[in-house]
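The values are calculated or read from the model by the stated rules, or taken from the named source; none is laboratory data. As the structure is a computational prediction, the values presented were derived from the model and not from experiment. Virtual Cβ from ideal backbone geometry, glycine too; neighbours counted across all protein chains shown.
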């Protein structure tokens, strides 16, 4: 009887390493590094954007939308309400290039919001106008 008991005991005494605590620690470290890396300050470089000396324009395929400092829109030089923008853009041919000419004093958030409205209206070719020197 003792031999049978000791044989069962040897089979159950095999060494097994439980990986659960190690995996818990790895996941906790992963979460720590992800959270702490997003809190690092963003470093930016001061970049002087180049000016454009010459530019070729094709007025037939290009439309201009101006965003003024007071938030008003101008479509091809005429005032336009933000609510009417979708209707105007829906009438454009599919390959029309739209150029946003935003005043330098307009906050970046307003320009991005305008770009989102334009994208939602289905315009696929969008450019930002720059000052020609």
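Of the residues in the stretch 86-102, how many are surrounded by fewer than 15 Cβ atoms within 10 Å (Cβ to Cβ) and assigned to a helix (DSSP H, G or I)?
Result for the stretch 86-102: 3.
Of the numbered conditions (1) under 15 Å from residue 129 (Cα atoms); (2) in the same structural domain as residue 123 (by TED's automatic domain parsing); (3) at pLDDT below 85, residue 54 satisfies every one except a single condition; which is it?
Among (1) under 15 Å from residue 129 (Cα atoms); (2) in the same structural domain as residue 123 (by TED's automatic domain parsing); (3) at pLDDT below 85, residue 54 violates only (2).
Looking only at the stretch 90-105, filter to residues that are modelled with pLDDT under 85 and in contact with a helix residue (DSSP H, G or I) (Cβ under 9 Å, 6 or more places away or on another chain); which one of those is nearest to residue 68 (Cα to Cα)?
Looking at the filtered set, the residue picked out is 102.
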